[in-house]
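Just below is one structure, and these are the notes that go with it.
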Amino acid sequence: MLPLPHFFLRRGARCAAFALLFLLGGLAQANVDRIELVNGSVIIGSFHDADNGKVMIDTDFAGMLTIEKSNIVAMDVASKVTLQMKDGAVLKTDNLVVDNRTLSLTTQGRTSYALEELLRINPEPWELGKGYRHTGVASSAFSLQRGNSVLDELDYRVDTRWSGLKDRYTLKLEGEVREANRERNTENWMVTGKYDRFKTGDYYWGVSASAEEDRFADLDLRTTFGPYLGRSLLVGTPFVLELETGLSQVNEDFSAATDRSYVGLTWSVRSESQYFGDASRVYVDHKGVKNLADRNNLILNTTVGLAFPLLGHLQGATEVVLDYNSGAVEGTEELDQTYRFRLGYTW
């Protein structure tokens with residue numbers, strides 16, 4: 001039997017431990033973030049981010065949830081957050097409370113905003129005009145066939161962008177190597193660099209340069225360089241649509257055919273859609289060059305595909321590629337059609 005003092009000491013230690021656990025549990029519960037929806041549902045979790053009209057919250061029961069801002073009636077974020085408003089103001093607050101679609105802030109100056117005035121929460125540095133957001137995808141497609149014939153094909157592509165509030169850099173490299181019965185019959189590559197400068201509204205201007213070689217189409221080197229004007233449409237929707245048109249100086253060097261140089265009318269269409277959900281992407285990439293001195297000389301490149309996530313940053317894609325050249329040298333086809341399944345890594 002324990003002496004009386006030791007008994008009270010042990011009992012006091014247990015009470016203190018229970019009190020500490022209760023206090024920690026209460027603090028943890030107090031730091032839980034809460035979102036109330038227009039249909040009366042309440043979501044409890046840990047606030048993650050908010051951008052593009054959507055709020056993300058990490059929950060224990062369903063993982064990361066993405067909620068449309070228009071569906072939110074009330075919200076309580078217990079942690080420190082940085083708010084970027086549509087009028088350009090950047091505010092920091094120790095606690096964010098939304099009640100009846102109105103923001104109440106613990107900050108100096110104006111302390112009340114309509115929820116519609118909120119652009120994003122915890123913006124990245126590039127979203128505040130500091131530096132660039134680097135995104136891209138590196139992918140390849142393989143084809144191996146053994147039996148009556150031996151076919152090997154490798155297709156590769158790297159497409160990356162550095163995007164800021166005022167401008168954007170794009171770099172793209174793609175190529176293809178193919179062998180049939182140990183004899184190489186296809187070998188081509190193309191590299192394209194672009195610079196875009198955003199202006200007022202949806203318009204922008206840019207400069208593009210490219211170099212291309214197609215060994216088995218008698219093309220030693222084709223280079224293009226020139227300016228263009230562009231416009232972004234469907235801004236703020238799940239769809240992306242960019243149209244560009246301009247002029248380029250085109251130089252073509254051939255192994256056997258006569259070299260040529262001309263000014264071409266250029267255009268491009270880039271479209272993306274999240275029609276099948278945030279994780280998947282339907283895309284169209286179309287480019288054209290028209291020789292202004294020869295109406296029969298037209299080059300078209302079109303890619304249509306569906307990209308979808310596999311695991312982590314791994315991505316799969318099925319696509320159709322159509323390459324048309326009405327000025328192709330004798331002995332080569334004007335239209336080349338390719339169907340591919342791609343495997344890539346995104347960042």
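The values are calculated or read from the model by the stated rules, or taken from the named source; none is laboratory data. For clarity, every value in this text was computed on a predicted model and none was experimentally measured. Positions of Cβ are generated from backbone atoms using ideal geometry, with glycine treated the same way; all protein chains shown enter the neighbour counts. Calculation scope for accessible area: heavy atoms of the full protein, side chains included, ligands and nucleic acids excluded. Shrake-Rupley method; radii C 1.70, N 1.55, O 1.52, S 1.80 Å.
With each label modelled as a point 7 angstrom along the Cα→C-beta vector, the L265-E124 pair spans 3.8 nm. Think of a 1.4 Å ball rolled over the protein heavy atoms: the chain then has 60 Å² of accessible area per residue. With viscosity 0.692 mPa s and temperature 37 °C, the Kirkwood radius over alpha carbon pairs of the range 142-203 converts through Stokes-Einstein to a diffusion coefficient of 228 µm²/s.
Taking only the C-alpha atoms of the range 142-258, the Rg (one decimal) and the largest Cα-Cα distance, Dmax (whole number), read 18.8, 61 Å. Based on the Kirkwood approach, the hydrodynamic radius assigned to the range 258-332 is 14.7 Å, with every pair of different Cα atoms included.
Here the simple spin-label model places points 7 Å from the Cα toward Cβ, and for E179 and V320 these points are separated by 3.1 nm.
Its residue count N fixes a reference of 2.2 N^0.38 Å for the range 52-182, and the Cα radius of gyration divided by that reference is 1.69. Roughly how tilted is helix 4-30, in degrees to the nearest 10 and between 0 and 90, from the longest Cα axis of the chain? It is inclined by approximately 40 degrees. Here K54 is the anchor, and the aspartates and glutamates within straight C-alpha reach of less than 15 Å, apart from those fewer than 8 places off in the same chain, are E36, E68, E116, E117, D278. Using every pair of distinct Cα positions in the range 219-347, the Kirkwood expression returns a hydrodynamic radius of 16.7 angstrom. Taking the square roots of five times each eigenvalue of the Cα gyration tensor of the range 31-85, the equivalent ellipsoid has semi-axes of 15, 14, 11 Å, listed largest first. Each of T302 and L171 was given a label point 7 Å from its Cα along the Cα-to-Cβ line. The distance between the two points is 3.1 nm. Its relative contact order, with pairs defined as Cα atoms under 8 Å and 6+ residues apart, puts the chain at 8 percent. Hull volume per residue, based on the alpha-carbon atoms of the chain and their convex hull, is 228 Å³.
Taking the helices alone, the chain has a mean residue ellipticity at 222 nm of -3000 deg cm²/dmol, built from -39,500 (n - 2.57) per DSSP H run of at least 4 residues and averaged over all its residues. Measuring nothing but protein heavy atoms, the accessible surface of the chain at 1.4 Å probe radius is 58 percent carbon and sulfur. Dimensions of the range 241-299 along the principal axes, based on C-alpha atoms and rounded to the nearest Å, stand at 50, 24, 17, largest first.
Sorted into 5 angstrom bins from 0, the C-alpha pair distances of the range 64-139 split as 3, 13, 23, 24, 16, 9, 6, 3, 2, 1 percent. Quick check: residue separation of F254 and S79 times 0.36 nm, minus the Cα distance between them. What number comes out in nm? Between F254 and S79, full extension yields an extra 56.6 nm.
For K54 and E117, compute 0.36 nm times the residue count separating them, minus their Cα-Cα distance, and round to one decimal in nm.
21.3 nm
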